[in-house]
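**Q** My structure is below; once you've seen it, I'll send some questions.
Values quoted throughout were computed directly from the atomic coordinates according to the rules given, and no laboratory measurement underlies them. Keep in mind that this is a model prediction, so the values were computed, not measured. For neighbour counting, all protein chains shown are included, and Cβ atoms are generated from backbone atoms with ideal geometry for every residue, glycine included.
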Amino acid sequence: MNERNNILNIIDSFIEQITKIRRFFIGVSISSIILAPIAISLALYLFTHPSFFRIVEAEREFGFGLVVLLTAVIIISSILFVTGILQYRQIGLWHKKYESYKKEKDDVEQYISNKFKNYIDEEDANKG
């Protein structure tokens, strides 16, 4: 029984640590949701700017590198944006499940405590 309690305590402490880290994860998600569209819009602005094509034509190697870099920014920022949204949703779902688990755990502990208290009260009444 003691080993089972230790395992449950370890799991509870692990879950508590994850809950504390949750704010950091939310911050990362929100920053990717905010910063990724900014990076995408800046890259698209540069692509659509009339001077961009003149630079690409005049500076062939630099222009090619710039096109590759801006394309990578758009692709990576799109991935970060989608990942940020998915992570934010997942954290929200996990938090709801955790709150439900915590409530059930507290209810079970309260039930066991009341049951044990009633059992002790009955034994005290029988002894007296």
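**Q** As an exercise, use a Förster radius of 35 Å and the Cβ-Cβ distance of residue 108 and residue 22 to find the FRET efficiency, rounded to the nearest 0.05.
**A** With R0 = 35 Å, the Cβ-Cβ based efficiency is 0.90.
**Q** List the relative contact order of the chain as a percent without decimals, with contacts defined as Cα pairs under 8 Å and 6+ residues apart.
**A** Dividing the mean separation by the residue count of the chain yields 32 percent.
**Q** Okay, moving on. Highest first, please rank the peptides 29-35, 11-17 by the mean number of other Cβ atoms sitting within 10 Å of their residues.
**A** So the peptides 29-35, 11-17, ranked by packing, come out 29-35, 11-17.
**Q** Hey, another quick one. Figure the gain on full extension for residue 30 and residue 55 (residue separation times 0.36 nm, minus the Cα-Cα span) and round it to one decimal in nm.
**A** Full extension from residue 30 to residue 55 adds 5.5 nm.
**Q** Continuing with the same structure: Using a Förster radius of 25 Å, what is the FRET efficiency between residue 6 and residue 89 based on their Cβ-Cβ separation? Nearest 0.05, please.
**A** The calculated FRET efficiency here is 0.15.
**Q** In deg cm²/dmol, rounded to 500, what helix-only [θ] at 222 nm does the chain give when every DSSP H run of at least 4 residues adds -39500 (n - 2.57) and the total is split over its residues?
**A** That comes out to -36000 deg cm²/dmol.
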